[in-house]
1. Among the strands (runs of 3 or more DSSP E) lying completely within segment 25-87, list those that include at least 2 residues that are surrounded by fewer than 15 Cβ atoms within 10 Å (Cβ to Cβ).
2. Would you point out which residue out of 14, 8 is surrounded by 14 or more Cβ atoms within 10 Å (Cβ to Cβ) and of a type in the set (S, T, N, Q)?
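Derivation of every value follows stated rules applied to the coordinates shown; laboratory data play no part. Just so we're clear, the structure is a prediction, and the values are computed from it rather than from any experiment. Reconstructed Cβ throughout: ideal geometry from the backbone, glycine too, with neighbour counts over all protein chains shown.
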Amino acid sequence: MKDDGSLTTSINGTILVTKGHQVSFEKMILNDNIDRTVVTVNGADVVLNQCIMRNFSNTNKKVLLYANDNAQVKIINSIVDTSDQKR
């Protein structure tokens, strides 16, 4: 999988999944450009399938994805971009 422009659905901001919910993201771009975590999972199940997750902040000191001990996260055929270069 690569960022070739074929993924047209994107979320710019942060996502919080909690309290036993089950959420799947498929063929999406999850972006942010300020110093914060893009996806936080607390006691829930999340699947990222063919997604691109990245943060464009030059000063970001947060993780892209945080999951607590009661969370389950599956990342399938996805890109987790931790580079600090803007595109």
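1. Qualifying strands (runs of 3 or more DSSP E): 72-76.
2. 14
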